[in-house]
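Colleague: Take this structure first; my questions come after.
Where a number appears in this text, it was derived from the coordinates with a stated rule and is not lab data. Treat the numbers as computed from the prediction; the structure is a model and nothing was measured. So basically every Cβ, Gly included, is an ideal-geometry build from the backbone, and we count neighbours across all protein chains shown.
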Amino acid sequence: MFDLEQAIAKWRGQMLSAGLKSPEPMDELESHLREEVAEQMRAGINAAQAFEIAIQRIGRADALKQEFRRADGLIITRLVQLAGLACAS
């Protein structure tokens, strides 16, 4: 059975491995992730599928890894802003 909390913990670990070390942007991204999961579930999608949709919208660690390698604190701020826009749409 799918465990949303465990999936989010694993996602956080992937984000940390990808280079997002600062707690504030990580907490912000997780908040957006949770909001998106909740929105998908309200639409009738099961938790596992809702989580997959949410991470697609927020971004997967492997896709973001190159950005984190090239980036400094400004790109992290931009990613948080973009994640907020993606969740709002």
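Colleague: In the neighborhood of E35, defined by Cβ-to-Cβ distances under 14 Å, what is the net charge if each Lys or Arg adds +1 and each Asp or Glu adds -1?
Modeller: Here the count lands on -2.
Colleague: Would you kindly derive the ³J(HN,Hα) couplings of the range 28-38 from the backbone phi angles with the Karplus curve 6.51 cos²θ - 1.76 cosθ + 1.60 (θ = phi - 60°), listing them in order in whole Hz, with x for Gly and Pro?
Modeller: Karplus values, whole Hz, x for Gly and Pro: 5, 4, 4, 4, 5, 4, 4, 4, 5, 4, 4.
Colleague: Something else: In a shell of Cβ-Cβ distance under 14 Å around A50, excluding A50 itself, what net charge do Lys and Arg (+1) and Asp and Glu (-1) give?
Modeller: -3
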